[in-house]
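The values are calculated or read from the model by the stated rules, or taken from the named source; none is laboratory data. Quick caveat: nothing in here was measured; it's all calculated off a predicted structure. Backbone-built Cβ (ideal geometry, glycine too); neighbour counts: all protein chains shown. Heavy atoms of the whole protein, side chains included, go into the accessibility calculation; ligands, DNA and RNA do not. Shrake-Rupley method; radii C 1.70, N 1.55, O 1.52, S 1.80 Å.
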Amino acid sequence: MRFIWTQELPSTQVWLSDYIRKNDLESICIVATKEQTNGIGSRANTWDKVSCGLYLSCALPIALLPKDLPRQSSSIYFGQILLELFREFHNNLWLKWPNDFYLQDDKIGGLITQYIKGFVVFGVGLNIFSEEKSSLLTGKMQNNLSKKDSVESISIEILSQIIKKILHFLSFNIVEFALQKNIDTTLHGITCNAFLQNNMTWYEVFSRYKQSFSKNHRFYTHINEDGITHKVSLQDALLQNDGSIVLHDKILYSLR
């Protein structure tokens, strides 16, 4: 299991995907950065840079995934798992279908998944602090802090805690690391079985996701028909057991 932390990358998802295509990866690999200069988002959009954000991609061997996971709904699966980690820092977070993290009515992050050479690669971007965009540290929380320096220092501390929680979940127990220094470390003989546990099956994770799905009905999503992207309301969307939705008599899947 390999963990890479670097001060800057154009995109963690592009870097890790290219690395897998060019090398024989044998186990879990996680790459994260303090600053992402050309991140990718939904529908090939760029992910805008903020004052403090989480930019992380993880490659997992497909063999570690639960057998009942529908590949087309992988973003929902990983999104819900990460959401439950993020909620320790703000309990009003929820996952909008199919792959966006929302804080009440505002998008503050997103997730993308790809399958490459026997691995699933999920990448997450999350705004932790921004003076201009919605973020995990909302305006109310920021105002409770007396100085801007306090907001920035707390943002860095939250970023560090989130990364350690993700690593710990993946059985990579790193106690302390300095965000100011680059890290490239490998732990041998570590097996991640979190996704094979009973409470991490698609059925169990999806059951928890369904509880908040009704929040989607006030929002929109984008669908592609014949190469043309349309914005459609989710007001009448019906969630199916494989993570797809039925909307206007059409079955739509998460392909991000």
Query raised in the report: Identify, please: which residue in the stretch 194-211 is among the hydroxyl-bearing types (Ser, Thr, Tyr) and open to solvent by 10 Å² or more (accessible area, probe 1.4 Å) and is, among those, farthest from Leu64 (Cα to Cα)?
Result: Ser207
Query raised in the report: Mind checking which pairs have a first residue in the stretch 2-28 that is over 13 Å from Leu60 (Cβ atoms) and a second that is among the charged types (D, E, K, R) and not in a helix (DSSP H, G or I), Cβ under 6 Å, 6 or more apart or different chains?
Result: Ile4/Asp184; Gln7/Lys34; Glu8/Glu35
Query raised in the report: Of the residues that make up the stretch 153-172, is at least one over 30 Å from Val232 (Cα atoms), open to solvent by 70 Å² or more (accessible area, probe 1.4 Å) and either modelled with pLDDT under 80 or not in a helix (DSSP H, G or I) (or both)?
Result: no
Query raised in the report: Within the stretch 116-132, is there a residue that is farther than 17 Å from Ile158 by Cα, under 13 Å from the mean Cα position of the chain (by Cα), aromatic (Phe, Trp, Tyr) and modelled with pLDDT of 95 or more?
Result: yes
Query raised in the report: Of the residues Leu95, Leu69, Leu82, which is under 30 Å from Gln235 (Cβ atoms), modelled with pLDDT of 95 or more and more than 13 Å from the chain's Cα centre (by Cα)?
Result: Leu69
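Does at least one position in the stretch 67-76 carry a residue that is more than 25 Å from Gln104 (Cα to Cα), among the aliphatic types (A, V, I, L, M) and either open to solvent by less than 10 Å² (accessible area, probe 1.4 Å) or in a loop (DSSP other than H, G, I, E, B) (or both)?
The first filter runs over the stretch 67-76 and keeps only residues more than 25 Å from Gln104 (Cα to Cα), leaving 67-72.
When the remaining residues are screened for being among the aliphatic types (A, V, I, L, M), the result is 69.
Those still in the list that are either open to solvent by less than 10 Å² (accessible area, probe 1.4 Å) or in a loop (DSSP other than H, G, I, E, B) (or both) too: 69.
Scanning the stretch 67-76 turns up at least one residue that is more than 25 Å from Gln104 (Cα to Cα), among the aliphatic types (A, V, I, L, M) and either open to solvent by less than 10 Å² (accessible area, probe 1.4 Å) or in a loop (DSSP other than H, G, I, E, B) (or both).
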Report task. Take the stretch 49-66 and flag every residue that is polar (S, T, N, Q) and either open to solvent by 30 Å² or more (accessible area, probe 1.4 Å) or farther than 12 Å from Phe78 by Cα (or both). Result -> Ser51
Query raised in the report: Filter the stretch 212-229 for residues that are open to solvent by 60 Å² or more (accessible area, probe 1.4 Å) and modelled with pLDDT of 80 or more; which is farthest from Ile245 (Cα to Cα)?
Result: Ile228
Requested in this report: Quick one: count up the residues across the stretch 189-205 that are within 22 Å of Glu26 (Cβ to Cβ) and either under 19 Å from the mean Cα position of the chain (by Cα) or part of a loop (DSSP other than H, G, I, E, B) (or both).
Outcome: 7
Query raised in the report: Which residue out of Leu137, Leu145 is of a type outside the set (D, E, K, R), open to solvent by 40 Å² or more (accessible area, probe 1.4 Å), at pLDDT below 90 and in contact with a helix residue (DSSP H, G or I) (Cβ under 8 Å, 6 or more places away or on another chain)?
Result: Leu145
Query raised in the report: Taking into account only those residues within the stretch 91-125 that are part of a loop (DSSP other than H, G, I, E, B) and open to solvent by less than 30 Å² (accessible area, probe 1.4 Å), which is nearest to Ile162 (Cα to Cα)?
Result: Asn99
